[in-house]
Amino acid sequence: VEEFEGEFKGEGLKLGIVVSRFNDLLTEELLRGALDCFRRHGVEEVKVVRVPGAFEIPLAVKKLIEKGVDGVLALGVVIRGETRHYELVSSQVAKALSQISLDTGVPVVFGVVTAEDELQAIGRAGVKVNRGFEYALTTLEMVNLVKKLY
Ligand SMILES: O=c1[nH]c(NC[C@H](O)[C@H](O)[C@H](O)CO)c([N+](=O)[O-])c(=O)[nH]1
């Protein structure tokens, strides 16, 4: 039996983070946790791209991959609240990001928190644990796994 799994080592990796500004009280917290994780795992090169809202994340991810990164973490917060197009935005973003990852073979981690309201969003973005840190670990694991499966 030959088994594969990715480590959390960050040395030598070129990573990207695309973070949306909508609900940036929470998205900036996700970003802080993700950068903390990358830094503490030895990642030296991280490009951070900010976009207005979650809907704009996929295009920025695609452009970052074209520039040449080993993996991209997408961070955003979509809250149903008053906006009706909550499902549209979140489902379109999820679909687009997985499509980009499959088309390019570059790991794209879905760190877009969706919630019914602000309170739920705070809980999901992480109160006891920073979800940005967790999503960053997933990014490290997938980048290292893909390198092994090459
Ligand atoms: O990132 C978000 N964008 C949101 N909308 C903006 C959207 O992502 C685009 O920026 C906008 O539609 C312009 O393309 C949100 N809501 O509407 O509620 C939201 O909760 N989160």
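Observations on the model:
- Length added when fully stretched, Glu7-Leu25, from 0.36 nm per residue minus Cα-Cα: 3.4 nm
- Listed residue (Tyr135, Val46, Val109) projecting farthest to the positive dipole end of the chain, Cβ model: Val46
- In terms of its C-alpha gyration tensor, segment 25-150 has an oblate overall shape, because the principal axis ratio a/c (a ≥ b ≥ c, square roots of the eigenvalues) is not below 1.5 and a/b does not outweigh b/c.
- Residue-normalised accessible area of the chain, given per residue in Å² at a 1.4 Å probe: 56
- Pairs of lysines in segment 5-122 (C-alpha under 21 Å apart; 8 or more residues apart or interchain): 10
- Overall, the chain carries a charge dipole of about 320 debye about its Cα centre when +1 sits on the Cβ of Lys and Arg and -1 on the Cβ of Asp and Glu, all other atoms neutral.
- Segment 49-150, accessible surface, carbon-and-sulfur percent (1.4 angstrom probe): 59
- As a rough guide to protection, the peptides 132-144, 106-118 ranked by mean Cβ packing within 10 Å, highest first, stand as 132-144, 106-118.
- Point-to-point label distance, Val48-Tyr150, nm (Cα→Cβ direction, 7 Å offset): 2.8
- For q = 0.19 Å⁻¹, Debye-computed log10 I/I(0) when each Cα of segment 94-150 counts as one equal scatterer: -0.76
The values are calculated or read from the model by the stated rules, or taken from the named source; none is laboratory data. This is a predicted model, so every value here is computed, not measured. Positions of Cβ are generated from backbone atoms using ideal geometry, with glycine treated the same way; all protein chains shown enter the neighbour counts. Just so you know, the surface numbers come from the protein's heavy atoms only, side chains and all, with ligands and any DNA or RNA stripped out. Shrake-Rupley method; radii C 1.70, N 1.55, O 1.52, S 1.80 Å.
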